[in-house]
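Each remark here refers to the structure printed beneath this line.
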Amino acid sequence: MSKIITSKWSRRGVLKAGAVTGAAISAPMFFTRNAFAAEFLNDPGSAANVTFGFNVPQTGAYADEGGDELRAYQLAVKHINGEGDGGMMNTMKPISLSGSGVLGKKVTYVTGDTQTKSDAARASAKRMIEKDGVTMVTGGSSSGVAIAVQSLCQEAGVIFMAGLTHSNDTTGKDKRRNGFRHFFNAYMSGAALGPVLEKNYGNERNAYHLTADYTWGWTQEASMIASTENIGWKTAATVKTPVGAGDFSQFITPVLNSGADTLILNHYGKDMINSLTQAVQFGLRDKQVNGKDFTIVVPLYSRLMAQGAGDNVKGIFGSTNWHWSLPDAGSQAFVKSFGAEYGFPPSQAAHTCYVQALLYADACERAGTFMPSEVIKQLEGYKFDGMGNGPTEYRAEDHQCFKDVLVVKGKENPSSQFDVLEVVEVTPRAQVEYKPDHEMFAGGDLGPANNGV
Amino acid sequence: MDAIFLQVLNGLDKGGAYALIALGLTLVFGTLGVVNFAHGALFMLGAFCAVSVQSILTISQKVRDESITFFEAYKEIPYLEIWWGETGSIIIDYAVPISIVVAIPVMLLIGLAMERGLIRHFYKRTHAEQILVTFGLAIVVQEIIKANFGANPIPVPAPDIVSGSANIGTWLGMSDTIVYPWWRLIYFVFSLTVIAAVFAFLQLTTFGMVVRAGMRNREMVGLLGIDIQRKFTIVFGLGAVVAGVAGAMYTPMLPPDYHMGMDFLVLSFVVVVVGGMGSLGGAVAAGFLLGLLQSFAAMNEIKSLIPGIDQIIIYLVAVIIILVRPRGLFGREGVMED
Amino acid sequence: MMKQTSATKDLIIMLVFIAAVLTAPIWLTPIGANYPDLLQKFAIYGIFAIGFNILFGLTGYLSFGHAVFLGIGSYAAVWSFKLLTMNILPAILFAVMWSGLFSVILGYISLRRSGIYFSILTLAFAQMSYNLAYSVLTPITNGETGLQLRLADPRYIDNMFTKAVSEGIPSTNLFGIKMSGYSGFYFCAVVLIICFWISLKIFRSPFGLTLSGIKSNQHRMKYTGFNPRPYLLAAFVISGMYAGLAGALLAVTDPLAGAERMQWTASGEVVLMTILGGLGTLIGPVIGAGVIKYFENIFSSIGDQNLFEMLSWLPEGMQSIVAYVISPFVGSGWHLTLGLVFMLIVIFLPGGLVSGFSKLASTFRPKKKTPQPVASTVSNASGTKEGE
């Protein structure tokens, strides 16, 4: 067989290869536009517009969250350009944006579909960078995608404003200088839940963990174990479950006999909906163990997802980055303009994306340029307020936002289909803060800023 | 001991569900010789019958919540409750059982339309082409569902009275920690009933006899002057109905989303292959076998011995069976063998 | 007929193909596909599909697990970048070796069965690989996040010669030529052309004819005392190595390897590409790969906003009507369009787009006998049922 293939290799093949290489080396020169003029990649220069890239899941399991993110971005662009009621532009402080775009340029945007796959997300982001000339990519609804796109943006030389990503790694061992995260993380969820669980369930609990068997699940589990053992709880067992298991019965029945009195579900998305629904069906919440009522905890809540679990979320504690029922002026302004535009309240994914878009635009305005290295300087250590989470700081060491964290509970008597969660406690920032070199975050390096030229 | 007993219970319960899901697939393959990659989509459509019935029953009068002014937050009161009071609430509560009754004709129609419109033209094409066209159909169907119902799972609760769990342990005089959800027990009984009904239909009726004869030798039956084509259309409809009711009944355990068909597709193929392509008894046996193996593989004691076994057990079984006994557990000799 | 015209015809095919590939950045401009990443993807998935076609198109064995080799190729390449050097040649070499090794093992097992059983076997292997790569093999694959380069990677060979200045992660290169942007595309294009040429040679060779003989009637071949297994295995391994090469190029142009590259739906994608373009034809798989990647990257990015811009040439009233009709099929609905197109092709054009083109061509030029660079010489697509 090999004979057949190689029989004519020498003559024609080599000739052609030579010709092709010649063409390859000479050709790229035609196509590089503005390569020498710009000081940084995709410099809008004197153009009237600047383009942002909104990279959200439009197909796949998180398509609904992606849709909500896109709605928020479109709203943010309107507000930055001075259309609509302005939303959080009225409450954000300090603010340099004036409702006339950014640096006098009108903001336009392009969209893409991450499909919640690293490959597709990077392909989509590359299209935005290479073809559409964006200065910033933002969005996404999973940590795998966020980390993949963040490192791409670092290599390419544009800014990445992460969407919904909860893994410690995004601003831990996979942090990058060009990437920023407003969303909270697994460690913060654990730290915020600890005191609330102590207050409600005491110090003598025995917790059983079911954990999605991938990186986010593991970091969430580690964070929860750390914070529950800190309040005196024991850990009965930790069991990994395959992602997308569908039926969790074989993982839930062992809980019945384990002597545990608390079940912690380190699941997100469909896994969370299914495992919670099934755990409740198995009567876990009607059980009494060691004289205590059995309880379930879901460390990371998403209202959109919680709707899928129906009545089963009632009374179950979890944490969330933001909730539309918050009374502060920023949240109210955002909910009001989002509601007026689309007819329903925004999700936490929508909120974090909206805020990220505004923060980036504002940083560019302050920097006086879209050059990534300058924008990064503006965002690092930046303190702001009026964006729904109280006083917030983008920590310079790891590009993680530090702010209060919401502990929520499934509402017992919801007044509408959106009224699924109620805020139980706002855990102050000091309680969820950690050192940049904390062991759960160690091993990463922001590296240098990249302007892409 | 209790743990093992519970895992056996889990295994049987899963097995019933797997058998039911795979039954239609193997039936269609056995009779029509068609490899239907859209079978998962039929399962998903059945589940969305339940979603639709629930949302039709809960069509609500919207009362504006005056306290919230900037978006449309309503207090929703279903018309059924307004008209019939308590009876209305009970009807809504029983949405899933009602949806079974609805799903049967709906799925039958979908199945007939699918066979007439598409599958029929692929009897003579290769298996590969059958796989491809039904795969394409599955994508189209699930995207249509997604466009109408969104991507997130939709909760469809079981009737209140069976939403809790049964104290099996106390019944059997064992530890009282052994409890099992009512709905899963119902699903188990339901799947056995449906399987028995399909068997009875094929074994005891003249129609079934002709179909079974057609499975053995299609040309011969045709030569005898029997309109085998028409019979096959009905068999396909039957397969669709079985998949559909399996899906509708499954909703309280697994809030359905548009992608659930694809999730179950690979699994149902494995069940069919392990049981023997075209063998109904094989599908049932394989369903139980895989259900039990999957339950035990999930136990920490076994996972610590072989890491990751719970992730691959199903596929491992399929590989071993195909290599060792390609006709499957109960497959007829010569079917799909080299 | 093939024999007489073969040499000149093949030369023409090759020349047209080379010209088309190298000028792709120009003629793809009007449809908005002339940016490096998409061009790279066209070439890489073209290679993947060409390789897949050597197995499926020639032998009729439908593998649902070929993405495994794509994944293995990527992982091997990224590990080579991490451990050895950022030069791409060792990476490609290791990728092809590893994927070749795995395809020998998986092929040897899977080819014991044919037809649907072969498909299920490969599907089972793909799912096992994906599930393990996503979870317990995380130390090797880095799980969900995907295997990435880090500043702290050892890069032993690179560091032997130069002490790395820590100014960010170095980029992949071919003796100094950076493998991103257009140079990356041209490198992939050259590899694609070589791969296409090899595939052409295989199609024309006695080996290729044997394979299509196996496809049309394996039993008859067996009766003549002929053992098809080694030929099938050779085809499987070649196509596995093509996939590994494609995986390596994915890592070369974008150094990241994720587990979902191995999922069975990823294998399904290459099946779609091959069928869409034209199963068993030389050029079909490349066209199919291009169409699907175009859908994925361009169709998915059309939102309501740019839809109106694109339709601005229509009269006022028509614009919103057309936009209303089209909008479910673009943006987040691109999967729907893909599924519909795919179904239509399988139903009405079993020979794929290529057969559609040649049908069109023959309608317009019924008499004239011109060499059709795209037409296939291996009859296929409407063959008989295999495996029974």
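The values are calculated or read from the model by the stated rules, or taken from the named source; none is laboratory data. Not measured: the values here are computed from a predicted model. So basically every Cβ, Gly included, is an ideal-geometry build from the backbone, and we count neighbours across all protein chains shown.
Taking the options C:SER239, C:SER300, name whichever one is in a helix (DSSP H, G or I), buried (at least 20 other Cβ atoms within 10 Å of the Cβ) and out of contact with any Asp or Glu (no Cβ under 7 Å at 6 or more places or on another chain).
Exactly one of C:SER239, C:SER300 is in a helix (DSSP H, G or I), buried (at least 20 other Cβ atoms within 10 Å of the Cβ) and out of contact with any Asp or Glu (no Cβ under 7 Å at 6 or more places or on another chain), namely C:SER239.
List pairs: first in region B:50-71 and within 23 Å of B:PRO155 (Cα to Cα) and basic (Lys, Arg), second modelled with pLDDT of 65 or more and in a helix (DSSP H, G or I), Cβ under 9 Å, 6+ apart or cross-chain?
Here the result reads none, with nothing in region B:50-71 linked to a residue that is modelled with pLDDT of 65 or more and in a helix (DSSP H, G or I).
Against the condition assigned to a helix (DSSP H, G or I), more than 23 Å from the chain's Cα centre (by Cα) and within 14 Å of chain B (Cβ to nearest Cβ), how does C:SER332 come out, does it pass?
Details: assigned to a helix (DSSP H, G or I): yes; more than 23 Å from the chain's Cα centre (by Cα): yes; within 14 Å of chain B (Cβ to nearest Cβ): yes.
Yes: the conditions hold for C:SER332.
Kindly provide the set of residues from region C:268-282 that are within 14 Å of chain A (Cβ to nearest Cβ) and crowded, with 24+ Cβ neighbours inside 10 Å, ordered by number.
The answer is C:VAL270, and nothing else.
List the pairs whose first member sits in region A:285-302 and is touching a residue at least 12 places away in the same chain (Cβ under 8 Å), whose second member is of a type in the set (Lys, Arg), and whose Cβ atoms are under 7 Å apart, counting only residues at least 6 apart or on separate chains?
Within 7 Å, the pairs are A:PHE294/A:ARG285; A:PHE294/A:LYS287; A:ILE296/A:ARG285.
Of all residues in region C:124-144, which are without any contact (Cβ under 8 Å) to a residue 40 or more places away in the chain, part of a helix (DSSP H, G or I) and more than 7 Å from chain B (Cβ to nearest Cβ)?
The answer is C:THR138, C:PRO139.
Quick one: in region A:124-166, of everything that is within 22 Å of C:ARG150 (Cα to Cα) and charged (D, E, K, R), which residue is modelled with the highest pLDDT?
The selected residue is A:LYS126.
(1) over 14 Å from A:ILE252 (Cβ atoms); (2) within 8 Å of chain B (Cβ to nearest Cβ): which one isn't true of A:ASN321, the others all being true?
The number of the failed condition is (2).
From C:SER114, C:SER74, which residue is in contact (Cβ under 8 Å) with a residue 60 or more places away in the chain and within 26 Å of C:LEU137 (Cα to Cα)?
One residue alone meets the criteria, C:SER74.
Among (1) out of contact with any strand residue (DSSP E or B) (no Cβ under 8 Å at 6 or more places or on another chain); (2) touching a residue at least 24 places away in the same chain (Cβ under 8 Å); (3) not β-branched (Val, Ile, Thr), where does A:GLU425 come up short?
It is condition (1) that A:GLU425 fails.
Matching residues to (1) of a type in the set (Val, Ile, Thr); (2) farther than 30 Å from C:LYS178 by Cβ; (3) more than 19 Å from the chain's Cα centre (by Cα); (4) crowded, with 24+ Cβ neighbours inside 10 Å:
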site: A:VAL149; (1), (2), (3), (4): yes, no, no, yes
site: A:ARG176; (1), (2), (3), (4): no, no, no, yes
site: A:ASN185; (1), (2), (3), (4): no, yes, no, yes
site: A:TYR214; (1), (2), (3), (4): no, yes, no, no
site: A:ASN230; (1), (2), (3), (4): no, yes, yes, no
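For C:LEU121, work out the one condition from (1) under 25 Å from C:MET273 (Cα atoms); (2) free of Cβ contacts under 8 Å to residues at least 12 places away in the same chain it doesn't fulfil.
Here C:LEU121 meets the rest and fails (2).
Determine, yes or no, whether A:VAL239 is among the hydrophobic types (A, V, I, L, M, F, W, C), in a strand (DSSP E or B) and over 21 Å from B:ALA298 (Cβ atoms). Steps first, please.
Details: among the hydrophobic types (A, V, I, L, M, F, W, C): yes; in a strand (DSSP E or B): yes; over 21 Å from B:ALA298 (Cβ atoms): no.
No: the conditions fail for A:VAL239.
Given the criteria touching a helix residue (DSSP H, G or I) at 6+ places or on another chain (Cβ under 9 Å), crowded, with 24+ Cβ neighbours inside 10 Å and among the charged types (D, E, K, R), does C:ASP10 qualify?
Details: touching a helix residue (DSSP H, G or I) at 6+ places or on another chain (Cβ under 9 Å): yes; crowded, with 24+ Cβ neighbours inside 10 Å: no; among the charged types (D, E, K, R): yes.
It is false that C:ASP10 is touching a helix residue (DSSP H, G or I) at 6+ places or on another chain (Cβ under 9 Å), crowded, with 24+ Cβ neighbours inside 10 Å and among the charged types (D, E, K, R).
A:LEU193 is checked against (1) more than 14 Å from chain C (Cβ to nearest Cβ); (2) without any contact (Cβ under 8 Å) to a residue 40 or more places away in the chain; (3) touching a helix residue (DSSP H, G or I) at 6+ places or on another chain (Cβ under 7 Å); (4) of a type outside the set (Phe, Trp, Tyr) and fails just one. What number does that condition carry?
A:LEU193 satisfies every listed condition except (2).
For every residue, the table says whether it meets (1) surrounded by 18 or more Cβ atoms within 10 Å (Cβ to Cβ); (2) within 13 Å of chain A (Cβ to nearest Cβ); (3) in a loop (DSSP other than H, G, I, E, B).
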{"position": "B:ILE77", "(1), (2), (3)": "no, yes, no"}
{"position": "B:ILE100", "(1), (2), (3)": "no, no, no"}
{"position": "B:LEU108", "(1), (2), (3)": "no, no, no"}
{"position": "B:ALA113", "(1), (2), (3)": "no, no, no"}
{"position": "B:GLN130", "(1), (2), (3)": "yes, no, no"}
{"position": "B:GLN142", "(1), (2), (3)": "yes, yes, no"}
{"position": "B:LYS146", "(1), (2), (3)": "yes, yes, no"}
{"position": "B:PRO155", "(1), (2), (3)": "yes, yes, yes"}
{"position": "B:ALA158", "(1), (2), (3)": "yes, yes, yes"}
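Filter region C:31-43 for residues that are in a helix (DSSP H, G or I) and within 11 Å of chain A (Cβ to nearest Cβ); which is nearest to the chain's Cα centre (by Cα)?
C:LYS41
For region C:254-265, enumerate the residues that are part of a helix (DSSP H, G or I) and surrounded by fewer than 24 Cβ atoms within 10 Å (Cβ to Cβ).
C:GLU260, C:TRP264, C:THR265
Quick check on region B:322-337: of everything there that is more than 10 Å from chain C (Cβ to nearest Cβ) and under 20 Å from B:GLY15 (Cβ atoms), which residue is modelled with the lowest pLDDT?
B:GLY331
Quick test of your reading of the structure: B:PRO256 fulfils all but one of (1) assigned to a loop (DSSP other than H, G, I, E, B); (2) more than 30 Å from A:GLN307 (Cβ to Cβ); (3) within 14 Å of chain A (Cβ to nearest Cβ). Name the failing condition by number.
Among (1) assigned to a loop (DSSP other than H, G, I, E, B); (2) more than 30 Å from A:GLN307 (Cβ to Cβ); (3) within 14 Å of chain A (Cβ to nearest Cβ), the lone unmet condition for B:PRO256 is (2).
Give me the pairs, please: first residue somewhere in region C:337-353 and at the interface with another protein chain (Cβ under 9 Å from one of its Cβ atoms) and free of Cβ contacts under 8 Å to residues at least 12 places away in the same chain, second residue anywhere and charged (D, E, K, R) and surrounded by fewer than 20 Cβ atoms within 10 Å (Cβ to Cβ), beta-carbon distance under 6 Å, and either six or more positions apart or on two chains.
Once the first residue is at the interface with another protein chain (Cβ under 9 Å from one of its Cβ atoms) and free of Cβ contacts under 8 Å to residues at least 12 places away in the same chain and sits in region C:337-353, no partner that is charged (D, E, K, R) and surrounded by fewer than 20 Cβ atoms within 10 Å (Cβ to Cβ) comes close enough.
Among the numbered criteria (1) among the basic types (Lys, Arg); (2) at pLDDT below 85; (3) surrounded by 16 or more Cβ atoms within 10 Å (Cβ to Cβ), which single criterion is violated by C:ARG204?
Among (1) among the basic types (Lys, Arg); (2) at pLDDT below 85; (3) surrounded by 16 or more Cβ atoms within 10 Å (Cβ to Cβ), C:ARG204 violates only (2).
What are the residues in region B:18-60 that are small (Gly, Ala, Ser), under 17 Å from B:GLY244 (Cβ atoms) and buried (at least 24 other Cβ atoms within 10 Å of the Cβ), if any?
Selection gives B:ALA19, B:ALA22, B:GLY24, B:ALA38, B:GLY40, B:ALA41, B:GLY46, B:ALA47, B:ALA50.
Quick check, is C:ILE177 surrounded by fewer than 22 Cβ atoms within 10 Å (Cβ to Cβ), modelled with pLDDT under 90 and at the interface with chain A (Cβ under 10 Å from one of its Cβ atoms)? Steps first, please.
Values: surrounded by fewer than 22 Cβ atoms within 10 Å (Cβ to Cβ): yes; modelled with pLDDT under 90: yes; at the interface with chain A (Cβ under 10 Å from one of its Cβ atoms): yes.
In short, yes.
Can you list residue pairs whose Cβ atoms sit under 6 Å apart, with the first residue in region B:1-18 being more than 17 Å from B:TRP182 (Cβ to Cβ) and the second being surrounded by 19 or more Cβ atoms within 10 Å (Cβ to Cβ) and polar (S, T, N, Q)? Count only pairs 6 or more apart in sequence or on different chains.
Taking only residues 6 or more apart or on different chains, the pairs are B:GLN7/B:SER295; B:GLY11/B:SER295.
Within region B:272-299, work out how many residues are surrounded by 22 or more Cβ atoms within 10 Å (Cβ to Cβ) and either in a loop (DSSP other than H, G, I, E, B) or within 11 Å of chain C (Cβ to nearest Cβ) (or both).
Here the count works out to 8.
Does B:ILE302 satisfy the condition of being part of a helix (DSSP H, G or I) and closer than 28 Å to B:GLY30 by Cβ?
no
On the given criteria, is A:ASN266 touching a strand residue (DSSP E or B) at 6+ places or on another chain (Cβ under 9 Å), surrounded by 23 or more Cβ atoms within 10 Å (Cβ to Cβ) and more than 8 Å from chain B (Cβ to nearest Cβ)?
yes
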